[in-house]
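**Student:** Okay, here's the structure, questions in a sec.
What follows draws every value from the coordinates through simple rules; no lab data is involved. What you see is a predicted model; the values in this text were computed from it and never measured. Counting neighbours? That spans all protein chains shown, and the Cβs are built from the backbone with ideal geometry, glycine included.
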Amino acid sequence: LWNGFRPGTFDGCVSISALQWLCNSDVKGHEPYRRLRKFFQDLFNCLKKGGRAVLQFYPESGEQVEMITSAAMRSGFGGGLVVDFPHSSKAKKHFLVLYAGFNGAVPQGLTATVEL
């Protein structure tokens, strides 16, 4: 696998609303799970040991959430899913919180409006 970056280059990665596009299967022969595995393997390789990634995404279904999470965990990541405002159709946000090389605690999602 080669993504153009040396192994262990980055401390972290943030992605907003990009991950779900890897799940599309617009053309016969597209394999979303295989595409996700390649993405997560490359991400794991370019993160330093102890690196972190937070990927915000909009899944179409529970099966898509499971496919994304499974691909990440099978690629060596620890971590898991965080859902902010799980009972709101408009404010609900999904975050995949990943740890490279260790299994850190996953933060709790927000459940109410927070005033700053």
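**Student:** In the stretch 2-116, which strands (runs of 3 or more DSSP E) lie fully inside it and hold 2 or more residues that are buried (at least 18 other Cβ atoms within 10 Å of the Cβ) and not aliphatic (A, V, I, L, M)?
**Tutor:** On the way: elements: 10-16, 47-57, 77-84, 93-100.
In the stretch 2-116, 47-57, 77-84, 93-100 are the strands (runs of 3 or more DSSP E) which contain 2 or more residues that are buried (at least 18 other Cβ atoms within 10 Å of the Cβ) and not aliphatic (A, V, I, L, M).
**Student:** May I ask you to list the residues in the stretch 77-100 that are over 15 Å from VAL54 (Cα atoms) and of a type outside the set (Lys, Arg)?
**Tutor:** Here is the first cut: in the stretch 77-100, the ones over 15 Å from VAL54 (Cα atoms) are 85-92.
If the condition is that a residue be over 15 Å from VAL54 (Cα atoms) and of a type outside the set (Lys, Arg), then PHE85, PRO86, HIS87, SER88, SER89, ALA91 are the ones that fit.
**Student:** Mind checking which pairs have a first residue in the stretch 86-109 that is within 15 Å of LEU43 (Cβ to Cβ) and a second that is in a loop (DSSP other than H, G, I, E, B), Cβ under 7 Å, 6 or more apart or different chains?
**Tutor:** VAL97/VAL106; VAL97/PRO107
**Student:** Going through the stretch 62-95 one residue at a time, which ones are more than 20 Å from ILE16 (Cβ to Cβ) and small (Gly, Ala, Ser)? Reasoning before the result, please.
**Tutor:** Looking only at the stretch 62-95, we keep the residues that are more than 20 Å from ILE16 (Cβ to Cβ), and these are 62-63, 66, 70, 73-76, 78, 87.
Residues satisfying the conditions are GLY62, SER70, SER75, GLY76, GLY78.
**Student:** Of all residues in the stretch 18-46, which are of a type in the set (Gly, Ala, Ser) and either farther than 16 Å from LEU96 by Cα or more than 10 Å from the chain's Cα centre (by Cα) (or both)?
**Tutor:** Of the stretch 18-46, the ones of a type in the set (Gly, Ala, Ser) are 18, 25, 29.
Listed by number, the residues that qualify are SER25, GLY29.
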